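Read-outs throughout are calculated quantities, based only on the coordinates presented, and are distinct from any laboratory measurement. As the structure is a computational prediction, the values presented were derived from the model and not from experiment. Note: ideal-geometry Cβ built from the backbone for every residue, glycine included; neighbour counts use all protein chains shown.
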């Protein structure tokens with residue numbers, strides 16, 4: 001058993017863990033993406049997807065099924081990924097080292113969807129944990145702004161709520177025609193994590 005930030009006990013082998021194992025997903029986080037997809041309908045057959053912080057690979061597994069054999073997924077993480085799917089390629093690299101010129105991105109960009117379930121290792125200091133989680137998302141958005149996300153595309157990312165989140169989300173919303181904050185049921189009780197969802201990415205204005 002473990003504890004959340006509020007001291008609540010949780011069972012790491014709860015119903016979502018069991019469901020993930022039965023469905024063949026490598027982690028329960030697949031159900032977070034599934035719930036958001038069912039609500040906002042991100043995925044279509046044939047899409048190209050960039051998955052940032054993709055280990056252990058459950059988001060790749062779910063999205064792979066949704067885009068089908070005509071779709072393609074590129075996953076990046078600092079750790080190797082355990083999934084082996086025909087329409088998925090993975091690379092061991094830090095999100096902070098990526099650029100539009102990185103080969104695995106340049107070959108496939110622009111992407112229809114950028115998704116990120118990446119999260120920092122927490123240190124227990126709220127301001128620091130939130131700031132570092134925001135930095136991960138901002139690194140992904142920097143790629144989007146540089147043309148890695150197609151105009152009209154979707155961006156999904158995990159982040160901690162806390163100091164600086166409101167300011168970040170205010171700017172985030174300006175980049176999309178529609179934006180949402182989601183807290184899927186599979187998130188453990190007491191967790192600060194939420195997901196920002198931007199849909200219909202806007203073209204950058206000239207000079208920005």
### Query
What do you reckon, is residue 143 within 25 Å of residue 167 (Cβ to Cβ), in contact (Cβ under 8 Å) with a residue 24 or more places away in the chain and part of a helix (DSSP H, G or I)?
yes
### Message
I'd like to check something: does the range 125-137 contain any residue that is part of a strand (DSSP E or B) and farther than 21 Å from residue 203 by Cβ?
### Response
no
### Task
Could you grab me the full set of residues in the range 185-208 that are surrounded by fewer than 18 Cβ atoms within 10 Å (Cβ to Cβ), in contact with a strand residue (DSSP E or B) (Cβ under 8 Å, 6 or more places away or on another chain) and farther than 18 Å from residue 143 by Cα?
188, 189, 190, 193
